[in-house]
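Taking it in order: structure first as C-alpha cells, then the write-up.
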Amino acid sequence: MHHENPTIVWLGLTFNLSNVMMLLITAIIVLLIAVISTRRLSLKPTGMQNFMEWIMDFVKGIIKSNMDWGTGGRFHVLGITLIMFIFVANMLGIPFAIVIQGELWWKSPTADPLVAMTLAVMVVVLTHFYAIQMKGIKEYGKDFLRPLPFLAPLKVIEEFANTLTLGLRLYGNIYAGEILLGLLAGIGGATYLGFFGVIAPTLAWQGFSIFIGAIQSFIFVMLTMVYMAHKVSRDH
Amino acid sequence: MFLDYLVLNATEGEVKFLNTGDIFATLIIFIILMVLLKKFAWGPLMGIMKQREELIASEIEATENSRLESEKLLEEQRALLKEARTEAQAIVENAKKQGEVQRGEILTVAQAEANRLKESAVREIETEKDNAIAAVRGQVVSLSILAASKVLGKQISEEDNRALIEETIAKAGDAG
C-alpha cells in the first residue's frame, strides 16, 4: 500500500496535483454551498439561509469570546471561510480514497502537512500583520518585552510553537483518521470474513472522523481568534 | 519503515523535495475563495442580518414609543376623569347650597307675607271694631236722648243734650 504523490514541476515550483485538485474541489464545494444558500435572502430566513446565519453567529460567538466585536468584526469573514473550508476539507477524505496507478489522488487536503501548515502560517502571519496595523510597529515590538524583558526569547519561540501546533494538530488528526480508515479498508478488502468483521469498526471510525473533522475546524478557528486577540489586544 | 506498507497515505520513501507549489496553491485558492465568498455570500448575508437587526431595533423602539404614548394618554385620561369627578361633586355641592339658600329665602318671604297678612287682618279688625264702637256709641246717644226727652218730656236743646250725654258716656266708658 505504498502510494506516490502525483507531482509535477512548474515554474521551478513542485506541485502535488492531488493537493491542488482537492483544494480546488474543497473551494468549489464551499463556494457552492455558500452561494446557493444565500441566493434568495430575506429578512425572514428560511432553509439554508438559517444554516448560514447559524454558522455566522457561531463564528461571531467564537470571536466575541476572545475580543470585543469592534476589534474582532474584521476577522468575521476570515473565520467563517476558515471554518467552512477546513470542515469541508476534513470531510472529503472520510468516505473513500482514490489511488490511481499507485498515485494517491483523492484524500483530505488537510491530511497533507504542507497544506495544514500553510493555513497555520497564513493565520499567524495575519496576526502579526494586524498587530502592526492596529497598534503600530513600536507597540508591536514592545509586546515582545512584556510581561518581562528577559522572557523575550520565549515569546519568539512561542510564535513558532503556535504555528507548529496549529498546523500539525489539524494535519495529525485528519491524517491519523485517514490512516486508520485505510487500514480498515485494507482488512475489509482482504477476505470475506474481514469484510464483515470490519463493517462495524469502519462505521464507528467514520462517525468519529466526522466528529473529529468538525471539532478540528472549530479548534482551528478558535485558536486563530485566540492568537489574533493575543496579538491585537492592547492590555495584557 | 517497519509498518509503512500499512499506511494508506505514506509516500514512497521520503518526500524528495518540499512541494513549494502546494504552498502557493493553498494560499491562492484560499484567498480567492475568501474574496469570492465575501463578495457573493458573506457580504449579502451580513447585509441582510444587519438589516434585520436594524429592523428589530426600530420595531422595539417604535413599540417603546407607543407604549410611552399610551401611558401618557392613560395618565391624561385619568387626570381628566378625576377633574370631571371633582367638577361634578362641586356642581352637586353648589346645587345643594343654592337649594338651602333658596329654601331659607322662601321661608323668610313666606313668614314675612304671613306676618303682613296677620297684621293687616289685625288692623282691619281694629278698624272694624272702632267703627262698630263709634256706631254703637252714636246709637246709644240717640237712644239716650230719645229716652231722656221722653222721660223729661221737655225738649231741651238737642245740642246741649248731646254734649252732655256724650260726656257722660265717655265718663262711663272710661269708668267701664
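Residue-wise test of (1) part of a helix (DSSP H, G or I); (2) modelled with pLDDT under 90; (3) aromatic (Phe, Trp, Tyr); (4) open to solvent by 70 Å² or more (accessible area, probe 1.4 Å).
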site: A:157; (1), (2), (3), (4): yes, no, no, yes
site: A:181; (1), (2), (3), (4): yes, yes, no, no
site: A:193; (1), (2), (3), (4): yes, yes, no, yes
site: A:202; (1), (2), (3), (4): yes, yes, no, no
site: A:223; (1), (2), (3), (4): yes, no, no, no
site: A:226; (1), (2), (3), (4): yes, no, no, no
site: A:229; (1), (2), (3), (4): yes, yes, no, no
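Considering each of A:52, A:67 in turn, give the residue that is outside any helix (DSSP H, G or I) and either out of contact with any helix residue (DSSP H, G or I) (no Cβ under 9 Å at 6 or more places or on another chain) or crowded, with 18+ Cβ neighbours inside 10 Å (or both).
A:67
In region A:174-184, which residues are touching a residue at least 60 places away in the same chain (Cβ under 8 Å) and out of contact with any Lys or Arg (no Cβ under 8 Å at 6 or more places or on another chain)?
Going through region A:174-184, the residues touching a residue at least 60 places away in the same chain (Cβ under 8 Å) turn out to be A:174-175, A:177-178, A:181-182.
A:174, A:175, A:177, A:181, A:182, listed by residue number.
Output the residues belonging to region B:21-44 that are open to solvent by 40 Å² or more (accessible area, probe 1.4 Å) and farther than 20 Å from residue A:37 by Cβ.
Of the residues in region B:21-44, the ones open to solvent by 40 Å² or more (accessible area, probe 1.4 Å) are B:23-24, B:27-28, B:31-32, B:34-36, B:38-40, B:44.
Answer for region B:21-44, where residues must be open to solvent by 40 Å² or more (accessible area, probe 1.4 Å) and farther than 20 Å from residue A:37 by Cβ: B:23, B:24, B:27, B:28, B:31.
How many residues does region A:18-40 contain that are free of Cβ contacts under 8 Å to residues at least 12 places away in the same chain, over 15 Å from the mean Cα position of the chain (by Cα) and part of a helix (DSSP H, G or I)? Don't jump to the end; show me each part of the working.
The first filter runs over region A:18-40 and keeps only residues free of Cβ contacts under 8 Å to residues at least 12 places away in the same chain, leaving A:20, A:24, A:28, A:31-32, A:35, A:39-40.
Those still in the list that are over 15 Å from the mean Cα position of the chain (by Cα) too: A:20, A:28, A:31-32, A:35, A:39-40.
If we keep only those that are part of a helix (DSSP H, G or I) as well, we get A:20, A:28, A:31-32, A:35.
The total comes to 5.
Criterion first (under 22 Å from residue A:223 (Cα atoms) and over 25 Å from the mean Cα position of the chain (by Cα)) does residue A:135 satisfy it? Give the derivation first.
Working: under 22 Å from residue A:223 (Cα atoms): yes; over 25 Å from the mean Cα position of the chain (by Cα): yes.
So residue A:135 fits the description; yes.
Checking residue B:75 against (1) closer than 24 Å to residue A:44 by Cβ; (2) among the acidic types (Asp, Glu); (3) modelled with pLDDT of 95 or more, which single condition isn't satisfied?
Unmet condition: (1).
Among the residues of region B:48-55, are any open to solvent by less than 100 Å² (accessible area, probe 1.4 Å), among the polar types (S, T, N, Q), closer than 30 Å to residue A:39 by Cα and out of contact with any Phe, Trp or Tyr (no Cβ under 8 Å at 6 or more places or on another chain)? Can you show your working first?
Filtering region B:48-55 for residues open to solvent by less than 100 Å² (accessible area, probe 1.4 Å) gives B:48-49, B:51-52, B:55.
Subset that is among the polar types (S, T, N, Q): B:51.
So of that shortlist, the ones also closer than 30 Å to residue A:39 by Cα come out as B:51.
The next check asks that each one be out of contact with any Phe, Trp or Tyr (no Cβ under 8 Å at 6 or more places or on another chain); those that pass are B:51.
Taking every residue of region B:48-55 in turn, at least one turns out to be open to solvent by less than 100 Å² (accessible area, probe 1.4 Å), among the polar types (S, T, N, Q), closer than 30 Å to residue A:39 by Cα and out of contact with any Phe, Trp or Tyr (no Cβ under 8 Å at 6 or more places or on another chain).
Listed here are the residues, each with its yes/no results for (1) of a type outside the set (Gly, Ala, Ser); (2) more than 20 Å from the chain's Cα centre (by Cα).
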{"residue": "A:153", "(1), (2)": "yes, yes"}
{"residue": "A:160", "(1), (2)": "yes, no"}
{"residue": "A:163", "(1), (2)": "yes, no"}
{"residue": "A:168", "(1), (2)": "yes, no"}
{"residue": "A:171", "(1), (2)": "yes, no"}
{"residue": "A:189", "(1), (2)": "no, yes"}
{"residue": "A:206", "(1), (2)": "yes, no"}
{"residue": "A:215", "(1), (2)": "yes, no"}
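Right, residue A:126: crowded, with 16+ Cβ neighbours inside 10 Å, within 14 Å of chain B (Cβ to nearest Cβ) and over 21 Å from residue B:27 (Cβ atoms) or not?
no
Let me confirm something: among B:122, B:151, B:136, which residue is exposed (fewer than 10 other Cβ atoms within 10 Å of the Cβ), among the hydrophobic types (A, V, I, L, M, F, W, C), in a helix (DSSP H, G or I) and out of contact with any strand residue (DSSP E or B) (no Cβ under 7 Å at 6 or more places or on another chain)? First the steps, then the outcome.
On the way: B:122 fails: exposed (fewer than 10 other Cβ atoms within 10 Å of the Cβ); B:136 fails: exposed (fewer than 10 other Cβ atoms within 10 Å of the Cβ).
Of B:122, B:151, B:136, the one residue that is exposed (fewer than 10 other Cβ atoms within 10 Å of the Cβ), among the hydrophobic types (A, V, I, L, M, F, W, C), in a helix (DSSP H, G or I) and out of contact with any strand residue (DSSP E or B) (no Cβ under 7 Å at 6 or more places or on another chain) is B:151.
Can you tell me which residues in region A:75-99 are of a type in the set (Val, Ile, Thr) and out of contact with any Phe, Trp or Tyr (no Cβ under 8 Å at 6 or more places or on another chain)? Write out each step before concluding.
Taking region A:75-99 and keeping what is of a type in the set (Val, Ile, Thr), we get A:77, A:80-81, A:83, A:86, A:88, A:94, A:98-99.
Across region A:75-99, the qualifying residues are A:88, A:94.
Spot the failing condition for residue A:211; the list is (1) touching a residue at least 60 places away in the same chain (Cβ under 8 Å); (2) away from every other protein chain (no Cβ under 13 Å), and only one is missed.
With (1) touching a residue at least 60 places away in the same chain (Cβ under 8 Å); (2) away from every other protein chain (no Cβ under 13 Å) applied to residue A:211, the lone miss is (1).
Restricting attention to region A:45-70, and to residues there that are at the interface with chain B (Cβ under 10 Å from one of its Cβ atoms) and modelled with pLDDT under 85, which single residue is nearest to residue B:44 (Cα to Cα)?
So the residue we want is A:49.
Is it the case that residue B:169 is out of contact with any strand residue (DSSP E or B) (no Cβ under 8 Å at 6 or more places or on another chain), among the hydrophobic types (A, V, I, L, M, F, W, C) and free of Cβ contacts under 8 Å to residues at least 12 places away in the same chain? Write out each step before concluding.
Details: out of contact with any strand residue (DSSP E or B) (no Cβ under 8 Å at 6 or more places or on another chain): yes; among the hydrophobic types (A, V, I, L, M, F, W, C): yes; free of Cβ contacts under 8 Å to residues at least 12 places away in the same chain: no.
Against the criterion (out of contact with any strand residue (DSSP E or B) (no Cβ under 8 Å at 6 or more places or on another chain), among the hydrophobic types (A, V, I, L, M, F, W, C) and free of Cβ contacts under 8 Å to residues at least 12 places away in the same chain), residue B:169 does not qualify.
Mind listing just one residue for me: the one in region A:1-44 that is more than 7 Å from chain B (Cβ to nearest Cβ) and among the small types (Gly, Ala, Ser) and, of those, surrounded by the most Cβ atoms within 10 Å (Cβ to Cβ)?
Start the filter on region A:1-44 by keeping residues that are more than 7 Å from chain B (Cβ to nearest Cβ), which leaves A:6, A:8-9, A:11-12, A:17-18, A:21-22, A:25-26, A:28-29, A:32-33, A:36-37, A:39-40, A:42, A:44.
Imposing the further condition that a residue be among the small types (Gly, Ala, Ser) reduces the set to A:12, A:18, A:37, A:42.
Numbers: A:12: 7, A:18: 24, A:37: 19, A:42: 9.
Here the answer is A:18.
Enumerate the pairs (first residue in region B:49-63 and within 11 Å of chain A (Cβ to nearest Cβ); second residue anywhere and outside any helix (DSSP H, G or I)) with beta-carbon separation below 9 Å, excluding pairs fewer than 6 apart on the same chain, so at least 6 apart or on different chains.
Taking only residues 6 or more apart or on different chains, the pairs are B:49/A:45; B:51/A:43; B:52/A:43; B:52/A:44; B:52/A:45; B:55/A:43.
Name the single residue, out of those in region A:99-117 being buried (at least 22 other Cβ atoms within 10 Å of the Cβ) and β-branched (Val, Ile, Thr), that is farthest from residue B:31 (Cα to Cα). Don't jump to the end; show me each part of the working.
Just the residues of region A:99-117 that are buried (at least 22 other Cβ atoms within 10 Å of the Cβ), to begin with: A:104, A:107-112, A:115-116.
From what's left, β-branched (Val, Ile, Thr): A:110, A:115.
On the way: A:110: 16, A:115: 14 Å.
If we take residues in region A:99-117 being buried (at least 22 other Cβ atoms within 10 Å of the Cβ) and β-branched (Val, Ile, Thr), then A:110 is farthest from residue B:31 (Cα to Cα).
Scan region A:81-98 residue by residue and report those that are open to solvent by less than 20 Å² (accessible area, probe 1.4 Å) and among the small types (Gly, Ala, Ser).
Across region A:81-98, the qualifying residues are A:89, A:93.
The values are calculated or read from the model by the stated rules, or taken from the named source; none is laboratory data. Since the structure is predicted, the reported quantities are computational estimates derived from the model, not experimental observations. For neighbour counting, all protein chains shown are included, and Cβ atoms are generated from backbone atoms with ideal geometry for every residue, glycine included. In case anyone asks, the SASA skips ligands and DNA or RNA and just uses the protein heavy atoms, side chains included. Shrake-Rupley method; radii C 1.70, N 1.55, O 1.52, S 1.80 Å.
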